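Notes follow the structure.
The values are calculated or read from the model by the stated rules, or taken from the named source; none is laboratory data. The model shown is predicted, which means the values in this text are computed figures rather than measured ones. Cβ placement follows ideal geometry from the backbone for every residue including glycine, while neighbour counts extend to all protein chains displayed.
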Amino acid sequence: MYTYVDLFCGAGGFSLGFDMAGFKNVFSLDFDEKACETYRYNFPSHNLICSDISLVSDSEFLELTRGSDVDVVVGGPPCQGFSLAGNIGRKFIDDPRNKLYKEFVRAVGVIKPKFFVMENVASLYNHRKGKTRIEIIEDFESLGYYVSCYVLNAVNFGVPQNRRRVFFFGSKINDTFTFNEPKIAQQKTVKDAIHDLPKLKSGESSNIPNHNAMNHSEQMLYKMSFVKDGGTRLDIPEDIRPKSGDARKYIRYDSLKPSVTVTGDMRKVFHYSQNRSLTVRELARLQSFPDSFVFKGTSISAQQQVGNAVPPLMAKSIASFIKECLDKVG
């Protein structure tokens, strides 16, 4: 059975996908205690380290792998130094805010997996006219990896959501691998994903884990009542319409299209037919998590965990591709 390590694992989207594809977890690591609580609950047999990665030494990484070969290291280290990097001649990797990215590189260098997969926001691909992407590729090439980079959309993997992310694939065993994004016959819509869940009013709860509605103010409920299925804040009468703020807020999901990108805060994006924002369970379905996967912590924390995750169906497809590559070399 092929093995994987999940760094910056969060709630476990990558882990779930790799488990579904038949991989065995060696260990996982994350710093966020609430995400760790969720991970522990859903993966009781995995070896989870809830710690700051920079506090884990090289020797501890080797101890965690028990001296055995690891087939894949996966993870999505936060990269925050976009605006600063390059503005004062500083390289992306030298930006102190990207130390977590450097820790991912360090871990890959120590563990020496046959493959790695690193996920991040799509804007990284063209950041600094592609210089950041090239820097990252060179970092991994210096460790002896052949590296490919793709911007992939979760909607093409059967996930009911438009979610573009950059993925770096590295291989020590194959210098010609190409990952082809699948093309599904029909994209799944928001309605496909969540229509069968019990209806809820603002503040109502249900007996389904994580399917509890946020308690909205009367003022907010009044504003959202004007927004039609797939509509925007322009549906709200001008005298009470929010004048500023994110254009992706005060909108209603379009029931007949895939979801907009699920982030850590979807409180001002409203259900296509019910007067409320989506529950954590509904958001989890838009990310392709099964209902058996329970998110722990406050509803805000759980929503952040959902929004930060790699969609499990997408992760499963990536894992299956790597499995095929590993099978070819025996």
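Things worth noting here:
- Flag if Arg285 is crowded, with 20+ Cβ neighbours inside 10 Å, over 17 Å from Asn162 (Cβ atoms) and charged (D, E, K, R): no
- Residue pairs meeting the criteria (Cβ under 7 Å; at least 6 apart or on separate chains; first in contact (Cβ under 8 Å) with a residue 24 or more places away in the chain and more than 20 Å from Val310 (Cβ to Cβ), in the stretch 35-63; second of a type in the set (Asp, Glu) and outside any loop (DSSP other than H, G, I, E, B)): Ser54/Glu103
- Residue among Asp95, Asp6 that alone is within 27 Å of Arg164 (Cβ to Cβ), of a type outside the set (Phe, Trp, Tyr), surrounded by 18 or more Cβ atoms within 10 Å (Cβ to Cβ) and at pLDDT below 95: Asp95
- Among the conditions (1) crowded, with 24+ Cβ neighbours inside 10 Å; (2) modelled with pLDDT under 95, the only one that Asp265 does not satisfy is (1).
- Which listed residue is free of Cβ contacts under 8 Å to residues at least 12 places away in the same chain and at positive phi, from Gly130, Gly144: Gly130
- Hey, Ser217 within 30 Å of Gly22 (Cβ to Cβ), among the polar types (S, T, N, Q) and over 14 Å from the mean Cα position of the chain (by Cα) or not: no
- The set of residues from the stretch 307-330 being part of a helix (DSSP H, G or I), small (Gly, Ala, Ser) and closer than 17 Å to Asp6 by Cα comprises Ala315, Ser317, Ala319, Ser320.
- Index of the failed condition, Val105 passing every other in (1) closer than 13 Å to Gly75 by Cα; (2) without any contact (Cβ under 8 Å) to a residue 60 or more places away in the chain; (3) aliphatic (A, V, I, L, M); (4) not in a helix (DSSP H, G or I): (4)
- Positions within the stretch 136-147 being crowded, with 17+ Cβ neighbours inside 10 Å, assigned to a helix (DSSP H, G or I) and either of a type in the set (Asp, Glu) or in contact with a helix residue (DSSP H, G or I) (Cβ under 9 Å, 6 or more places away or on another chain) (or both), in sequence order: Ile136, Asp139, Phe140
- Of all the criteria given as (1) surrounded by fewer than 17 Cβ atoms within 10 Å (Cβ to Cβ); (2) in a helix (DSSP H, G or I); (3) at pLDDT 95 or above; (4) touching a helix residue (DSSP H, G or I) at 6+ places or on another chain (Cβ under 8 Å), the one not satisfied by Ala193 is (1).
- Test: residue in the stretch 308-327 that is on the phi > 0 side of the Ramachandran plot and free of Cβ contacts under 8 Å to residues at least 12 places away in the same chain: no
- Within this structure, Tyr125 passes the test of being among the aromatic types (Phe, Trp, Tyr), modelled with pLDDT under 95 and in contact with a strand residue (DSSP E or B) (Cβ under 7 Å, 6 or more places away or on another chain).
- Residue check, Asp175 touching a residue at least 24 places away in the same chain (Cβ under 8 Å) and loosely packed, with under 11 Cβ neighbours inside 10 Å: yes
- Ala85 fulfils the conditions (1) over 20 Å from Ser28 (Cα atoms); (2) small (Gly, Ala, Ser); (3) at pLDDT 95 or above except for a single criterion, (3).
- The set of residues from the stretch 228-259 being touching a helix residue (DSSP H, G or I) at 6+ places or on another chain (Cβ under 6 Å) and not in a loop (DSSP other than H, G, I, E, B) comprises just one member, Ser259.
- Residue selection: Val260 fails the criterion of being closer than 19 Å to Pro198 by Cβ, modelled with pLDDT of 95 or more, of a type in the set (A, V, I, L, M, F, W, C) and surrounded by fewer than 18 Cβ atoms within 10 Å (Cβ to Cβ).
- Residue match in the stretch 312-320 (condition: within 24 Å of Met224 (Cα to Cα) and not hydrophobic (A, V, I, L, M, F, W, C)): no
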